Structure formats: C-alpha cells, structure tokens
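One structure is given here, and the rest of the page talks about it.
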Amino acid sequence: MIRINWDEFKVYKAHQTQKTDNFEILLDFIKSYYSMHNPIDLFESLNADGLAKMMLEKRNLESAEDLEEYLFQSRH
C-alpha cells in the first residue's frame, strides 16, 4: 500500500489532456508513478486515502473485485 502524493498528482493532472474524470486520471497516475497495476493493491491504497475513498464510494466500488471490473470496463 502506498500513500498518494497529491502534489505529484496535481502536476500529472496538469499535463493530462485526454481524460477529464479525476478518478480515471488518478488511476493512471498511480499506475504510472508507483508502477502499481494489481487491483488489490490499487484498491487498498485508494481505500486508505480519504479523498480517494470518496472517489471509490461515488462509483460504488466497495472491493478490489469491483475495482477490477471497473478497470476492465474502462478498457473496452
């Protein structure tokens, strides 16, 4: 589990031109900045952060399995 560096996220987001959804950008940031791709690790890290947890709750993502399905759906 990692602690999300929100300052680095803001820099990453400023250079992001393709996506507008902050959650999608956050997922890309975590995958890129921390080289984290495992849905279980992703979920645990997001769930441990207050702001990221609100993003999960907004999308009704309550488990790593839910996040994995979300990631699969967003690729197609």
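The values are calculated or read from the model by the stated rules, or taken from the named source; none is laboratory data. The structure presented is a predicted model; accordingly, all values stated were derived computationally and were not measured. Neighbour counts are summed over all protein chains in view; Cβ atoms, including those assigned to glycine, are modelled from backbone coordinates with ideal geometry.
Scanning the range 23-65 for residues that are assigned to a loop (DSSP other than H, G, I, E, B) and exposed (fewer than 15 other Cβ atoms within 10 Å of the Cβ) yields a total of 7. Residues that are out of contact with any helix residue (DSSP H, G or I) (no Cβ under 8 Å at 6 or more places or on another chain) and in a helix (DSSP H, G or I) were ranked within the range 67-76; the one that is modelled with the lowest pLDDT is Arg75. Has the range 6-22 got at least one residue that is of a type in the set (Phe, Trp, Tyr), at pLDDT 95 or above, exposed (fewer than 15 other Cβ atoms within 10 Å of the Cβ) and part of a helix (DSSP H, G or I)? Yes - at least one qualifying residue is present in the range 6-22.
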